[in-house]
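Remarks on the structure that follows.
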Amino acid sequence: MKREEILLGDTVRAKVKEDMAHVFTGTVQKKYENSALLNITDYDPSDKQNAAELNFKIVINFKAVTKNLGGGHPDPEPEPEDQPARNAKK
């Protein structure tokens, strides 16, 4: 899938042969240029130890996403850099 097709908070199904033997489900916590950090929420029982060793978090390439189940929200707009910080002291 493409980066633009995945939103923060989306639930996705993914396959990563190196770390998990089977397809698993995760929630997008953070997006990077070509990958995303997922919180692993559902997995095959035989992958229980793998998920635990990963602390139920994994970084995957967007190409590893097999299905987007939705549920996310658009990325927040970044604040302009030329604007002073909101909590800055004067």
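Subtracting the Cα-Cα distance from 0.36 nm times the residue separation, let me have the gained length for SER46 to ASN61 in nm, one decimal. Working shown, then result.
Values: separation 15, 0.36 × 15 = 5.40 nm, distance 2.26 nm.
Value of the extension gain: 3.1 nm.
If only the Cβ of Lys and Arg carry +1 and only the Cβ of Asp and Glu carry -1, the dipole of the range 3-67 around its Cα centre is close to 80 debye. Give the residues of the range 52-66 whose amide nitrogen is closer than 18 Å to a point set 7 Å from the Cα of GLU33 in the direction of its Cβ. Within reach of a label on GLU33, which here means backbone N under 18 Å from a point 7 Å along Cα→Cβ, the range 52-66 contributes 59-64.
Since every read-out is calculated from the coordinates, none of them should be taken as a lab result. Since the structure is predicted, the reported quantities are computational estimates derived from the model, not experimental observations. For neighbour counting, all protein chains shown are included, and Cβ atoms are generated from backbone atoms with ideal geometry for every residue, glycine included.
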